[in-house]
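K.L.:
Sharing a structure below in C-alpha cells format, with a few things to ask.
Any read-out appearing in this document is the output of simple, stated calculations on the displayed coordinates, not a laboratory observation. All figures in this text were calculated on a predicted structure; none of them were measured in a lab. A quick note on method: Cβ atoms are made from the backbone with ideal geometry, for glycine too, and the neighbour counts reach across all protein chains shown.
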Amino acid sequence: MTKVIFKRPRALSDKPFHYCPGCTHGIIHRLVAEVIDDMGIQDNTVGICPVGCSVFAYDYFNVDMFQASHGRAPAVATGIKRALPDRMVFAYQGDGDLASIGTAEIVHAAARSEKISVIFVNNAVYGMTGGQMAPTTLPGQKTTTTPRGRDKELNGLPVKVCEMLAPLDGATYVARVSVHDPKHIMQAKKAIRKAFEIQRAGLGFALVEVLSTCPTNWGLAPREALKWLEENMIPYYPLGVYKEPAEVK
Ligand SMILES: Cc1ncc(C[n+]2csc(CCOP(=O)(O)OP(=O)(O)O)c2C)c(N)n1
C-alpha cells in the first residue's frame, strides 16, 4: 500500500511555477496554500496578486484571485474585505511593489487597521524588470542601477518595512521571517498562519515580511543565493515578531 507523506496543497493549482531556479516565491506560495488548507478556508479566501514576478499568482492559487496595479494591492484588498467581510483576504506583494510605488498604500492600510493579511516578499531587488535597485536593496549591494553598489550618498538607505509599520497604532501583527532553510520555512509558515488567524478573529492589520532570494538578478547559483540571504539580509533585516496582539500570543 502506498502511504502519501507529501502532496500538493489543494489551494495550489497544478500549473507549474514559472519562477527561476532557486527563487523562493514558490516556497512562499506553498506555505500560504498550506495555511489555507490547514484552516479549511479555500472556498472563502480571496487573494490579491501584485505587479512583479508573482503577478501570475492568480494562476497558481486555487482560490478567488484579483490582480492589482503596481503597489495597490492593499487598496484592492481593503475594498474586497469591506464589501465581503466574511472572506479571508490576503495581499501578496514584492518589495518594489509594496515598499516603493505602494508605500502610501501599505502605510495607510496599516494605520486604518484593515482586517487583511499581507505577505510581503523582500528579495532586495526589482526582480521582474531586470534587477534594478529597490528600496530594500542593501547598502553596497550591486544591482543593474547601482553597478558599483548602493551608495548611501547617491541612493539613500533601505526602508525597513516591519520597523516602519509596527509603531503604527493600527498595525496589529507584524513579523519578519525567512525561507532559506527548512527550520526557517517552518517558522515562516507559523507566522503566515498567525496573520490569517488574526484576520479570522477580526483583530486588524497583519503583515508578514518574508526574506526571499533572487538568484538570477543577484547573479548567484541557487544555493549561493540562500547563503547570501542568510549572511547578508538577515543581519540587516533581523527576523522576529515586531508587533503581536495579546489575544494570539
Ligand atoms: C505603474 C507601474 N510602474 C512600474 C511598472 C514596472 N514594474 C513591473 S514589475 C516591477 C518591479 C517589481 O519588483 P518587486 O515588487 O520587488 O517584485 P519581484 O519581481 O522582485 O518579485 C516594476 C517596477 C509597472 N508595471 N507599473
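K.L.:
I need the calculated FRET efficiency for the pair Phe66 and Glu231, taking r as the beta carbon distance and R₀ as 35 Å, to the nearest 0.05.
P.N.:
Here the calculated transfer efficiency is 0.45.
K.L.:
Using a 10 Å cut-off around each Cβ, can you sort Ser117, Ser69, Ser212 from fewest to most neighbouring Cβ atoms?
P.N.:
Ascending number of Cβ neighbours within 10 Å: Ser69, Ser212, Ser117.
K.L.:
Grab the Cα-Cα distance for Leu84 and Val241, subtract it from 0.36 nm times how many residues apart they are, and report the gain in nm with one decimal.
P.N.:
Roughly 53.6 nm would be gained on extension.
K.L.:
Same structure again: What percent does the relative contact order of the stretch 25-248 come to when contacts are Cα pairs within less than 8 Å and at least six residues apart?
P.N.:
Answer for the stretch 25-248 is 19 percent.
K.L.:
Can you give the Rg to Rh ratio of the stretch 44-156, both from alpha-carbon atoms, with Rh computed by the Kirkwood formula?
P.N.:
Numbers: Rg = 15.2 Å, Rh = 14.6 Å.
Taking Rg over the Kirkwood Rh, I get 1.04.
K.L.:
With 10 angstrom as the radius, rank Ser13, Ser100, Ser54 by how many other C-beta atoms surround their C-beta, starting from the fewest.
P.N.:
Fewest-to-most ranking of Ser13, Ser100, Ser54: Ser13, Ser100, Ser54.
K.L.:
Can I ask one more? Sort Leu154, Leu220 so that the residue with the fewest other Cβ atoms within 10 Å of its own Cβ comes first and the one with the most comes last.
P.N.:
Placing the least packed residue first, the sequence is Leu154, Leu220.
K.L.:
Between Asp14 and Asp169, what is the label-to-label distance in nm when each label sits 7 Å out along the Cα-to-Cβ direction?
P.N.:
5.2
K.L.:
Let me ask you something else. Please give the charge dipole size of the stretch 24-156, origin at the Cα centre, charges +1 on K and R Cβ atoms and -1 on D and E Cβ atoms. Round to the nearest 20 debye.
P.N.:
The dipole of the stretch 24-156 has a size of about 440 debye.
K.L.:
Taking only C-alpha pairs under 8 Å that are 6+ residues apart, what is the relative contact order of the stretch 111-175 in percent? Display every interim value, and only then the final one.
P.N.:
Values: 74 pairs, mean separation 17.2, N = 65.
Relative contact order of the stretch 111-175: 27 percent.
K.L.:
Rounded to a whole number, what is D in µm²/s for the chain from Stokes-Einstein with the Kirkwood radius over alpha-carbon pairs (20 °C, 1.002 mPa s)?
P.N.:
119
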